[in-house]
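Trainee: Quick one: this structure, given as structure tokens, is what I'll be asking you about.
The values are calculated or read from the model by the stated rules, or taken from the named source; none is laboratory data. Bear in mind that the values here come from a model prediction, so they are computed numbers and not experimental data. Positions of Cβ are generated from backbone atoms using ideal geometry, with glycine treated the same way; all protein chains shown enter the neighbour counts.
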């Protein structure tokens, strides 16, 4: 591989990633990995493994991503490249996060942040602060989340990092959304979406359209919600973003559920659940099972309802999710409806 060809192939790989041609990008990075491994170029071997992990992550192949990041990290620690060590620790934290392993994620993000602060990598500090904010957010610790996002946003504005600014605005919008402050949320999402469209961030556009759809959904503006979800889903399918596809299918299911269209809702939840199980998205699995349980309850299919809700509760408990309480309440309602004896009879059948 001549130097000129190497640079050219690297540029092609980056273009493929940007345009969602992930398999092409993956094949090129694998070529780089084999080439550098044969040449004994440990640093570039580690870089190639890291980039392969990045593509695996976007494709929802979390175990493959973790395997490649771990190999990359080992090499980086051997050669003592602090900047690259921090980057890979951060990405391993990302995998822990999407799998619902929040303490592991926080541990890896904290290690990454410490190194970035030591070497003065302000841009990297902003990215890791952002992710730490996401952990606090998913745990319902909104003030801690907002504190980290605000610190991250300040650094990103100093550097003019449009991608980072858009991401921080998006997450701040999510906090306002979680708190029921929908107009504030919509204001931040609109700013975020504008930047993402300007820089061509397809994945980010899809994510923000999804959140705007959620606001319209909760306000009962179902057609507007479906319009945004449909746009989001189309982009997610184009770029092969499995986690995003699963989340959007879930929310489309919620709209049909709210409209009393239970079969359409179940159809979307079933598709969503299949993807969530494939990629190991524990939080997503629990959320979708919870919704399926609610529908089965409405249909008076108590055996299926209890099964779905009980499994959701078990996952929420492990994740220390604030949704555990709601799931237990839903089970309690069923117990009251069908009687304690029947309820425990069904539980015993499920344990078999």
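Trainee: List the number of the failed condition for residue 100; all other conditions in (1) in a helix (DSSP H, G or I); (2) in contact (Cβ under 8 Å) with a residue 60 or more places away in the chain hold.
Mentor: (1)
Trainee: Here is a list: 304, 276. Which entry is free of Cβ contacts under 8 Å to residues at least 40 places away in the same chain, part of a helix (DSSP H, G or I) and closer than 14 Å to residue 346 by Cα?
Mentor: Just a single option satisfies the conditions, and that option is 304.
Trainee: Another question, then. Would you check if there is a residue in region 186-198 being under 30 Å from residue 314 (Cβ atoms) and not assigned by TED's automatic domain parsing to the domain that holds residue 65? Lay out the reasoning, then the answer.
Mentor: At the first step, the residues of region 186-198 found to be under 30 Å from residue 314 (Cβ atoms) are none.
No, region 186-198 contains no residue that is under 30 Å from residue 314 (Cβ atoms) and not assigned by TED's automatic domain parsing to the domain that holds residue 65.
Trainee: Quick one: is residue 79 crowded, with 19+ Cβ neighbours inside 10 Å and out of contact with any strand residue (DSSP E or B) (no Cβ under 6 Å at 6 or more places or on another chain)? Steps first, answer last, please.
Mentor: Numbers: crowded, with 19+ Cβ neighbours inside 10 Å: no; out of contact with any strand residue (DSSP E or B) (no Cβ under 6 Å at 6 or more places or on another chain): yes.
Judged against the criteria, residue 79 is not a match.
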